[in-house]
Structure formats: structure tokens, C-alpha cells
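K.L.:
Take this structure, written in C-alpha cells, and hold onto it; I'll ask about it next.
The values are calculated or read from the model by the stated rules, or taken from the named source; none is laboratory data. This one's a predicted model, so the numbers in the text were calculated from it and none came from an experiment. Every residue, glycine as well, gets a Cβ built from its backbone with ideal geometry; the counts of neighbours run over all protein chains shown. Ligands, DNA and RNA are stripped out before the accessible areas are found, and what is left, the full protein with its side chains, is counted by its heavy atoms. Shrake-Rupley method; radii C 1.70, N 1.55, O 1.52, S 1.80 Å.
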Amino acid sequence: MGRTYIVEETVGQYLSNINLQGKAFVSGLLIGQCSSQKDYIILATRTPPKEEQNENLKHQQNSKLENLDEEWATEHANQVSRMLPGGLLVLGVFIITTLEMGNDFQNALRRLVFAMEKSINKRRLWNFTEEEISERVTLHICSSTKKKIFCRTYDIHDPKSSAKPADWKYQNGLSTSWLSLECVVHINIHIPLSTTSVSYTLEKNTKNGLARWAKQIENGVYLINGQVKDEDGDLLEGQKKSRGNVQATSHSFDVKVLTQLLLNSDHRSTATVQICSGSVNLKGAVKCRAYMHSNKPKVKDAVQAMKRDILNTVADRCEMLFEDLLLNEIPEKKDSEKEFHILPHRVFVPIPGSTVMLCDYKFGDESAEEMRDHFIEMLDHMIQIEDLEIAEEINTACMSYSVNTEASLDNTDDEQPKQPIKATITLKIQQNIGVIAAVAVAVLAAGISFHYFSD
């Protein structure tokens, strides 16, 4: 028996309304959530065509279906994955064609699914667990009948896996009662740049430092509405009921994160000295959000979704900043100078007819119209400017410099941007001429101390 996909009715309407407009095929992404019993698809979005594809439309009519642009579709998947809050994933691909599917084209879909997953995984600070569902779906629809022809799944953990049949069932109002979890996480991450790693790119050094921070987030304790809940328990257990039903509609849970100062109470550590040529500091507050289906959701799944949103949103913002610096060709500063950059702010937008919201990131100089247009381009759904929810306070982008010929790890916050920065993240890239000695001394104490990372 294959997987069962419960699909939002509006997804079926969206697929039916896609017009090939003379093209041989149209492909796109399927977005949703996995669970142990079944998977949920709440959104579909077509991959935007390349400009040269629009110019050569007539040529594409005679093109073979296996000429699917894998690189372009994979890049679309990468962009959309940034826009997904915790709990949501790109679960597969769909394709609408004018022809019956052949074996060669099925192989092309298979390669696309594996390529997408591999590309998305490279950016993540976390890994899937062995217990998680590892199947991804491919859906083929014939444009003449608008009926499903093939729905198959592949195990992305097995490169040699063969296609398995799956059930595709529509349900009206699937995500109208999904649950949301919200959390504000305060970060203060210091990443020393050792002399041995100074030859690496700043982006690579930052990602390596974030990987160490990610372990703290993974091993943290998560309070849901102020309580530590049994991870195998039902997330909705103990919630008030009305007329026999749990009031799940627009239900939101407040989450707080506590992280350990030490890995464990019997962990023994010795002082280490590291010669550094600079450091990177991430500091500020990030708004995190995750969503869960309302069909007996487990606490451990909700906590896992929140952990991954925390890791994703910090990593994605850093990656976007480095892309922006590279795109705008901002020159590197002298070794003695200190740089300040504001990471992009998070913006949420609702999915029509759903309690689930997707997100994007806004730099200080981007307008609301640009944000709306990017949502429309990536998601292929109409978005109104008034629907945009600014999750974090907007501040003007700030980059300031200062000369600091000798600094230590205890003096990384002396220089601050002159403009006020509130409820935001500041990425401070410090290049120091002197040599910094980083000394870490483990402190043994009775019990375990926790440090709040969130309000």
C-alpha cells in the first residue's frame, strides 16, 4: 500500500486552471507536510518560465518532454523553500502535459525530485531523522482531461528506489484549522575566524559557526504555553473544547526556548587557545513560526518544526545577505575596518482560505510592491500589499565602519551603528589586525544552568 496524499481542494482548482498556452508542458512544486499516517498538500505553484523560453515558445511545442530544465526548476525549489515556515516542505513536483507520459519522461521527473532534495538539503543546518517520511511525490496530469494520470513516490534516501503508486485525494478546507506555533528567539552568536580558516570565504566560515550554534538549538528545551509537554503526547491535549470539538481554528501556541550552557553535567572540557584574525557576530531577535495539521498532532513533531524554522530563518538571512553583497559588488574593507550589515526582515503572507502563512525576506531598501511581486512570481498566486505582515520592525539598512587595531573577544560590541536598531539582527563582520586569543574555560556546577534565548 502506497502513501496517501490528502490535498487541499483549491490545489485541484489551481491545477485545473493552468493553461499550457501552446507549451508542451508546465511543471511546478507541491508544498505540504508529512505525517506518519498520511501526507498533506496545501499549495501548488508552477515554476516561472525563463525569459528565453517565452521568446522561443514555438520551438518548445516540438520539444521533447524529457527536456525539462532541471537546473531552473531546482533553483525555483530553493527559492520557495526559503519561503516556507517550520513544518512545511517541498514534497514533490507536478507536471501538466499534452501527451501521454512515457518511461523516459518519468525518469526525468525522478531525476528532478532527487536533484531538488539534494540542492535544498545543502543549505540546511539540520538533517532528517531516520523515523521521518522520506518519500517525495510526482504528479502527472493530462491537460485535455485535467484528470490525474500518475501519482507516484520515490524514497529520496535510496538513490536506486523505484516508483511506488500513491493515492491522491482532495479535501475541502484542509488547512483552515491548522495550528500555529510562534516564538521570538534572541541570538548572540560569536564566530571566531581562526588563522587557519581565514583563507575560507566569509560565508563558509559563518556557516561553520552556525552549525555549532545549531547544536544548541537542537538540544534545547522547548516550553509550549509555559509548559514542558510529553514529546509523545498530543499537542492539543488539555485544550478547551466547545460542543465536543477542540477549538483549533486560528489556535496559536507560544513557544520559549531554553538552551544548556554545558552539553551535559559530566562533560569534561579543558581550556583551549585559538589564534584568530577576526570574528563574525550575529546579534538580535528573530520571529519564528511553525504550522501543524490538526489531526492529532504530536508534541515532538511541533517542537521539531519550530527548531527547524529557527535554524532555517537565521541561515537563510545570512545566505541572502552574502548574495546581496556579491550581487551589488560591495568591495571588501581593509583589515582594520569593521563592517555592520542589517540582515533582511521577515514578512509573512497568508494562503487564501487557510490559517497557514508563508514568508519572505525584505531588505531595508525594498518596497512593499517589490515584495508583493516576488511573492507572485515565486508562488503564482495573487497577493495584495495589505496582506503583507511585517513580522519584525523595519529599519533603514545600515553599514558603518570603524578602525580597531587591537580588539579582544570581550570587546566585540564597542562599536555600534549610529542609527537605532530595534527588533532586528545586526551582522557585524570584524577584521582585526592584531591576534585574538580565544580562551574557553568549562565551569563545573551542580545541576544544569539554562540560558533563555527567547522572551
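K.L.:
Considering ALA290, ALA302, which residue is small (Gly, Ala, Ser), in contact with a helix residue (DSSP H, G or I) (Cβ under 9 Å, 6 or more places away or on another chain) and either in contact (Cβ under 8 Å) with a residue 60 or more places away in the chain or open to solvent by less than 30 Å² (accessible area, probe 1.4 Å) (or both)?
P.N.:
So the residue among ALA290, ALA302 that is small (Gly, Ala, Ser), in contact with a helix residue (DSSP H, G or I) (Cβ under 9 Å, 6 or more places away or on another chain) and either in contact (Cβ under 8 Å) with a residue 60 or more places away in the chain or open to solvent by less than 30 Å² (accessible area, probe 1.4 Å) (or both) is ALA290.
K.L.:
Out of all the residues in segment 161-181, which are over 14 Å from VAL137 (Cα atoms) and open to solvent by less than 20 Å² (accessible area, probe 1.4 Å)? Walk me through how you get there before you give the answer.
P.N.:
In the first step, residues of segment 161-181 are kept if they are over 14 Å from VAL137 (Cα atoms); the result is 170-181.
The answer is LEU174, SER175, TRP178, LEU179, SER180, LEU181.
K.L.:
Pick from segment 188-202 the residues that are among the polar types (S, T, N, Q) and in a strand (DSSP E or B): which of them is farthest from TRP126 (Cα to Cα)?
P.N.:
The initial filter retains those residues of segment 188-202 that are among the polar types (S, T, N, Q), namely 188, 194-197, 199, 201.
Going one step further and asking which of them are in a strand (DSSP E or B), we end up with 188, 194.
Working: ASN188: 20, SER194: 24 Å.
This residue is SER194.
Conditions (1) modelled with pLDDT of 95 or more; (2) surrounded by fewer than 17 Cβ atoms within 10 Å (Cβ to Cβ); (3) hydroxyl-bearing (Ser, Thr, Tyr), marked per residue:
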site	(1), (2), (3)
PHE150	no, no, no
PRO159	no, yes, no
HIS186	no, yes, no
THR195	no, yes, yes
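K.L.:
Any residue that is open to solvent by less than 10 Å² (accessible area, probe 1.4 Å) and touching a helix residue (DSSP H, G or I) at 6+ places or on another chain (Cβ under 6 Å) - is there at least one of those in segment 81-90?
P.N.:
Yes, because at least one residue in segment 81-90 is open to solvent by less than 10 Å² (accessible area, probe 1.4 Å) and touching a helix residue (DSSP H, G or I) at 6+ places or on another chain (Cβ under 6 Å).
K.L.:
A further question on this structure: Report, by residue number, each residue of segment 25-77 that is in a helix (DSSP H, G or I), modelled with pLDDT of 80 or more and of a type outside the set (A, V, I, L, M).
P.N.:
GLU70, GLU71, TRP72, THR74, GLU75, HIS76
Okay, residues lined up against (1) touching a residue at least 12 places away in the same chain (Cβ under 8 Å); (2) in a helix (DSSP H, G or I); (3) over 24 Å from LEU326 (Cβ atoms):
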position: LYS169; (1), (2), (3): yes, no, yes
position: GLY173; (1), (2), (3): yes, no, yes
position: LEU181; (1), (2), (3): yes, no, yes
position: HIS186; (1), (2), (3): yes, no, yes
position: LYS204; (1), (2), (3): no, yes, no
position: ALA211; (1), (2), (3): yes, yes, no
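K.L.:
Tell me yes or no: at least one residue of segment 216-224 is over 30 Å from TYR5 (Cα atoms), modelled with pLDDT under 95, out of contact with any Phe, Trp or Tyr (no Cβ under 7 Å at 6 or more places or on another chain) and open to solvent by 70 Å² or more (accessible area, probe 1.4 Å).
P.N.:
yes
K.L.:
Six or more apart or on different chains, Cβ under 7 Å: which pairs go from a residue in segment 361-378 that's within 13 Å of GLN79 (Cα to Cα) and open to solvent by less than 30 Å² (accessible area, probe 1.4 Å) to one that's modelled with pLDDT of 95 or more and assigned to a helix (DSSP H, G or I)? Could you list them?
P.N.:
Cβ pairs passing all conditions: MET378/GLN79; MET378/VAL80.
K.L.:
Under the condition of being of a type in the set (Lys, Arg) and surrounded by fewer than 17 Cβ atoms within 10 Å (Cβ to Cβ), which residue from segment 115-147 is nearest to PRO85 (Cα to Cα)?
P.N.:
To start, the set of residues in segment 115-147 that are of a type in the set (Lys, Arg) comprises 118, 122-124, 136, 146-147.
Filter once more, keeping what is surrounded by fewer than 17 Cβ atoms within 10 Å (Cβ to Cβ): 118, 122-124, 146-147.
Working: LYS118: 19, LYS122: 18, ARG123: 15, ARG124: 13, LYS146: 30, LYS147: 31 Å.
That would be ARG124.
K.L.:
Those residues that are part of a loop (DSSP other than H, G, I, E, B) and more than 15 Å from the chain's Cα centre (by Cα), I need them from segment 339-366; list them, please.
P.N.:
The answer is LEU343, ILE351, PRO352, GLY353, SER354, THR355, PHE363, GLY364, ASP365, GLU366.
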